Structures are given as structure tokens and as C-alpha cells.
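The values are calculated or read from the model by the stated rules, or taken from the named source; none is laboratory data. Computed from a predicted model, the values in this text were never measured in an experiment. Cβ atoms come from the backbone with ideal geometry, glycine included; neighbour counts cover every protein chain shown. SASA here: full protein model, heavy atoms, side chains in, ligands and nucleic acids out. Shrake-Rupley method; radii C 1.70, N 1.55, O 1.52, S 1.80 Å.
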Amino acid sequence: MDWKEVLRRRLATPNTRPNKKKSEQELKDEEMDLFTKYYSEWKGGRKNTNEFYKTIPRFYYRLPAEDEVLLQKLREESRAVFLQRKSRELLDNEELQNLWFLLDKHQTPPMIGEEAMINYENFLKVGEKAGAKCKQFFTAKVFAKLLHTDSYGRISIMQFFNYVMRKVWLHQTRIGLSLYDVAGQGYLRESDLENYILELIPTLPQLDGLEKSFYSFYVCTAVRKFFFFLDPLRTGKIKIQDILACSFLDDLLELRDEELSKESQETNWFSAPSALRVYGQYLNLDKDHNGMLSKEELSRYGTATMTNVFLDRVFQECLTYDGEMDYKTYLDFVLALENRKEPAALQYIFKLLDIENKGYLNVFSLNYFFRAIQELMKIHGQDPVSFQDVKDEIFDMVKPKDPLKISLQDLINSNQGDTVTTILIDLNGFWTYENREALVANDSENSTDLDDT
């Protein structure tokens, strides 16, 4: 029966209980019940035009709520079993040694210098003998990826073995990081990564000299680099895939090398000397020893030539406590200034320079910051430099899409972002840029003198 006809009859039916009047809520409920009933009948009567809709598999699984303890435990156990199974699928040391033995046995002459090679035919033979775990590595795609300019159509055995080792290491590390992924969503929160690095410290010989009282500061220093560069939107979590794809984990695990050179340690943010340097600088700046940095204390950072205008912006935009900066915020500041060529660092500084919060720098913004540079030049007895000249140089360097505005992307694309930001925030940086030709000439003269002697 047509639902319109049913409604019409319903309205035409006389009220059998004239003395009892229904409340407004009862009428609404009855109306909703009728609507639901007839709508369901109408919808159910429609023929689905696409039978495929009936076979779409379930793709959304709700995460257990905090009070669903049993479901949470079940999920944790199932994840643990899954990760254990994945771990068993990886090649162990004995299997890797066996693979190397098979590759060496099936090498294809002639050798290139001391490098053993293997052709595709022998490559497949090794794949058959190496076992099921190695099957994924012995494909035409992998062989073609490693094939370069060998006239016999062979690949290097060492390159292939290193490729396998790298893949195994990546999967091992992925599984290791996933154990700390409490939510099981492929992300690590700050506390998750802190736990991972804290438990990693005893396995790194280069950190043997660290006192346990410094562990918390070391972990904070290490974790900040990951989150500063891999979490630009400050969501508080980073993808495990992003951690594996960047070089930071390589730098961290490089500390397993007991014979790591002094130069490598100095350039590695995660090394003990580097962490102690950064924390030592923080303590030296903290003159009142309250564990926080005021604007006045931070002004002594580096060469102590940053402008007050820039420092004001730092304390306006960054997280502070009663107008003072803690160690974690200080680490972001240091990472930005020490890596000014990196997009994440430029994004940090750009936000400070964008005083009008418009998403671009215009002439007003540039003049606002450079005026402070001019004032510092007067205080130090240096000849003033015209803002007009500096402004023209900046726009010439950046070459923005809009000739009147400089966006963050313009700065990144120009590869001059570090120079531009230095000119605007640091007197010493501006002086170095302004006298770059004289400094280059002096360096050339000094090197010539050394050659003569």
C-alpha cells in the first residue's frame, strides 16, 4: 500500500477517545514512529542498483574505549602475537651467514677488482637454495634495481647482501618501534619515543660515560630533534614510517660503534658530547639558576648579537611559563637556529618574522626587524646601512612569486632562507653577510701565505 494513502486514512480516522487529549511530546513521538516505519518500508522496497554494495568488506574497526578493559587486553595480546610472528619471519644471523656463503659460492667470474659479481641465472639458483625467508629478495625487480653498468649483466654480491641487511634492519627496527606504539595506530607519542630511547641507551657504547642523573635530559634532547623535524604541525605524535625514512635513527644507532671518531661525535646531535654541549649552554645562560631562561638570559645565546625585537617575538610565540622558557622550548630554539637551511627550521623562524600573521613577509615586516639591526649597528659604532638596499637584495635573493610578498615556500625554494633570516635577526650574521667578499679575500690571502711557508 502506498504510504501517502496510509497517512491520508490515518488523518481521516475519527478520534475514538475524544476526552483524552495527547500531549505535544506524545504527538511528536507518534509522528516519528510513523515516519520511521514508513521510511524503512519505502527504503527496504527499493532495489539496489549495484549488487557489489552487498559484498564490501568491513574496513572500520572501532578502538576499544578506556573502560573496555577486556577488549584492550585482547588487542594488546593480538598485536604482540602479530609482531612476534613478523619477527620470526626475519633472517637471523645464522641465516644471513648461510646466504653470504651461497652467494660467494655462486659468484660469476670475472671479478671487478676485489668485488665479486653474480649473474641473474646464478642469482635465481641462490634464491632456490636460500630458503623461504629469502624468497622476497630474489626477484627480477631487486636484481634490476641493483644492476648498473656491468658489461656482463651482473650485480655486485656485496651490494645485494647490504641491500638484504638493510631491509632486515628496517623490519627489525619497525617491529622494535611498534612495541612502543601503545595506541597501535602506527604513531609514536612523545612519551612512547622517550621510553624507546631510554631503553636504548644501555645498548649504545658511546653513551656509557653518561651519568644516570643525566638520562632524562639526554632523552629530552634526543626526542626533541625527532619531533621538531617530523611533527611540524605539533600534533604530539609522529609516524613510525617517517622515523624509519629519516636519517635520525641512523645517527642515533651510529653510537653503537665503539670506534666512532671525535669529528663524527661532534656533528652528531645524539652523541654524548653534543648533548652535554647543548645542556651546558643552557645552564650557562641560566644565571639565576631557576631552571628557566628569561629573555635577558637568552639574549646571551651564541654571539649575544640577536636583536631584542626578535627575542620579543620568540617569547610571544613560543611556550613559556611566567614569561620564561624551559629546556624543551630552548631545544626547539637551538634546533631552528643551528639548522636554518632546513624547511622545519625556516618554518619556525618564519612564524616569528610574520608579525602580522598573514602568511607572508612584506616590506613592513622586513623593515620592522631590520630597524633593530640598524640600532645595534649605531650602538657598536658601525656605519648605518640603507634598508632600501637590504630590502632589494632580499627580494633579489628570494625571487618570490609575488614581487611584494615573501612566503615561506618562497624562502624554501630560493635556498637562501638561512641568509635572509640571519640578516634580519642577528647583527653578527648581518655583518658577516655584508663583509663576505672581504672575508673571502682574507681567507684566500691566509691560505696563500700558508702555501708559501
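Just for the stretch 1-28: of the residues that are open to solvent by less than 90 Å² (accessible area, probe 1.4 Å) and within 16 Å of Y39 (Cα to Cα), which one is modelled with the lowest pLDDT?
Ranking the qualifying residues of the stretch 1-28, first place goes to D2.
Which residue is least open to solvent (accessible area, probe 1.4 Å), if the candidates are limited to the stretch 272-293 and must be assigned to a helix (DSSP H, G or I) and among the polar types (S, T, N, Q)? Walk me through how you get there before you give the answer.
Within the stretch 272-293, the first condition is being assigned to a helix (DSSP H, G or I), and the residues that meet it are 272-285.
From what is left, the residues that are among the polar types (S, T, N, Q) are 274, 281, 284.
On the way: S274: 5, Q281: 63, N284: 103 Å².
Ranking the qualifying residues of the stretch 272-293, first place goes to S274.
Kindly evaluate Y327 against the criterion of being under 26 Å from E266 (Cα atoms) and open to solvent by 10 Å² or more (accessible area, probe 1.4 Å). Break it down stepwise before answering.
On the way: under 26 Å from E266 (Cα atoms): yes; open to solvent by 10 Å² or more (accessible area, probe 1.4 Å): yes.
When the stated conditions are applied, Y327 passes them.
Give the number of residues within the stretch 299-342 that are outside any helix (DSSP H, G or I) and touching a Cys at 6+ places or on another chain (Cβ under 6 Å). Spell out how you get there, then give the answer.
Filtering the stretch 299-342 for residues outside any helix (DSSP H, G or I) gives 299-307, 318-326, 339-342.
Cutting the leftovers down to touching a Cys at 6+ places or on another chain (Cβ under 6 Å) gives us none.
Residues flagged as outside any helix (DSSP H, G or I) and touching a Cys at 6+ places or on another chain (Cβ under 6 Å) within the stretch 299-342 amount to 0.
Residues in the stretch 174-181: is at least one out of contact with any strand residue (DSSP E or B) (no Cβ under 7 Å at 6 or more places or on another chain), loosely packed, with under 14 Cβ neighbours inside 10 Å and free of Cβ contacts under 8 Å to residues at least 40 places away in the same chain?
No, the stretch 174-181 contains no residue that is out of contact with any strand residue (DSSP E or B) (no Cβ under 7 Å at 6 or more places or on another chain), loosely packed, with under 14 Cβ neighbours inside 10 Å and free of Cβ contacts under 8 Å to residues at least 40 places away in the same chain.
Condition first: at pLDDT 95 or above and closer than 24 Å to W169 by Cβ. Now tell me which residues in the stretch 208-230 satisfy that.
Correct list: Y218, V219, A222, V223, K225, F226, F227, F229, L230.
So N357 ticks every box in (1) part of a loop (DSSP other than H, G, I, E, B); (2) in contact with a Lys or Arg (Cβ under 9 Å, 6 or more places away or on another chain); (3) open to solvent by less than 70 Å² (accessible area, probe 1.4 Å) but one. Which box is left unticked?
Here N357 clears every test but (3).
Which residue out of E263, E296 is more than 27 Å from R166 (Cβ to Cβ), outside the structural domain of F370 (by the TED database) and in a helix (DSSP H, G or I)? Give the steps one after another, and end with the answer.
On the way: E263 fails: more than 27 Å from R166 (Cβ to Cβ).
Being more than 27 Å from R166 (Cβ to Cβ), outside the structural domain of F370 (by the TED database) and in a helix (DSSP H, G or I) holds for just one of E263, E296, which is E296.
Taking the criterion of being of a type outside the set (A, V, I, L, M, F, W, C) and under 30 Å from K237 (Cβ atoms), would at least one residue in the stretch 146-155 satisfy it? Break it down stepwise before answering.
Let us first name the residues in the stretch 146-155 that are of a type outside the set (A, V, I, L, M, F, W, C), namely 148-154.
After this cut, where a residue has to be under 30 Å from K237 (Cβ atoms) as well, the list is none.
No: zero hits.
Which of the numbered conditions does A304 fail, given that it passes all the others? Conditions: (1) at pLDDT 95 or above; (2) open to solvent by 30 Å² or more (accessible area, probe 1.4 Å).
The number of the failed condition is (1).
Do any residues in the stretch 262-290 that are among the hydroxyl-bearing types (S, T, Y) have Cβ atoms under 9 Å from those of residues that are part of a loop (DSSP other than H, G, I, E, B) and exposed (fewer than 15 other Cβ atoms within 10 Å of the Cβ), where the two are at least six apart or on different chains, and which pairs are they?
Within 9 Å, the pairs are S264/D257.
Just checking, does the stretch 417-431 include any residue being assigned by the TED database to the domain that holds A336, more than 22 Å from D312 (Cα to Cα) and charged (D, E, K, R)?
Scanning the stretch 417-431, I find no residue that is assigned by the TED database to the domain that holds A336, more than 22 Å from D312 (Cα to Cα) and charged (D, E, K, R), so the answer is no.
Residues in the stretch 78-90: is at least one within 30 Å of V182 (Cβ to Cβ), touching a Pro at 6+ places or on another chain (Cβ under 8 Å) and touching a residue at least 24 places away in the same chain (Cβ under 8 Å)?
Looking only at the stretch 78-90, we keep the residues that are within 30 Å of V182 (Cβ to Cβ), and these are 78-90.
So of that shortlist, the ones also touching a Pro at 6+ places or on another chain (Cβ under 8 Å) come out as none.
No.
Find the residue count for the stretch 338-350, including only residues that are exposed (fewer than 15 other Cβ atoms within 10 Å of the Cβ) and closer than 16 Å to Q409 by Cβ.
We begin by selecting, within the stretch 338-350, every residue exposed (fewer than 15 other Cβ atoms within 10 Å of the Cβ); these are 338, 341.
Then keep just the ones that are closer than 16 Å to Q409 by Cβ; that gives 341.
Of the residues in the stretch 338-350, 1 are exposed (fewer than 15 other Cβ atoms within 10 Å of the Cβ) and closer than 16 Å to Q409 by Cβ.
Within the stretch 182-209, restricting attention to residues that are among the acidic types (D, E) and closer than 20 Å to D231 by Cβ, which residue is most open to solvent (accessible area, probe 1.4 Å)?
Taking the stretch 182-209 first, the residues among the acidic types (D, E) are 190, 192, 194, 199, 208.
Imposing the further condition that a residue be closer than 20 Å to D231 by Cβ reduces the set to 190, 192, 194.
Numbers: E190: 42, D192: 5, E194: 61 Å².
Only one residue tops the list, namely E194.
Could you please give the count of residues in the stretch 230-244 that are assigned to a helix (DSSP H, G or I) and either in contact with a strand residue (DSSP E or B) (Cβ under 9 Å, 6 or more places away or on another chain) or more than 21 Å from R189 (Cβ to Cβ) (or both)? Spell out how you get there, then give the answer.
We begin by selecting, within the stretch 230-244, every residue assigned to a helix (DSSP H, G or I); these are 230, 240-244.
Then keep just the ones that are either in contact with a strand residue (DSSP E or B) (Cβ under 9 Å, 6 or more places away or on another chain) or more than 21 Å from R189 (Cβ to Cβ) (or both); that gives 230, 240, 243.
Of the residues in the stretch 230-244, 3 are assigned to a helix (DSSP H, G or I) and either in contact with a strand residue (DSSP E or B) (Cβ under 9 Å, 6 or more places away or on another chain) or more than 21 Å from R189 (Cβ to Cβ) (or both).
Considering (1) in a helix (DSSP H, G or I); (2) open to solvent by less than 60 Å² (accessible area, probe 1.4 Å); (3) in contact with a Ser or Thr (Cβ under 9 Å, 6 or more places away or on another chain), say which one D150 fails and leave the rest.
Tallying (1) in a helix (DSSP H, G or I); (2) open to solvent by less than 60 Å² (accessible area, probe 1.4 Å); (3) in contact with a Ser or Thr (Cβ under 9 Å, 6 or more places away or on another chain), D150 fails exactly one: (1).
Checking F226 against (1) within 30 Å of K351 (Cα to Cα); (2) open to solvent by 30 Å² or more (accessible area, probe 1.4 Å); (3) in contact with a strand residue (DSSP E or B) (Cβ under 8 Å, 6 or more places away or on another chain): exactly one of these is not met. Which one?
Condition not satisfied by F226: (2).
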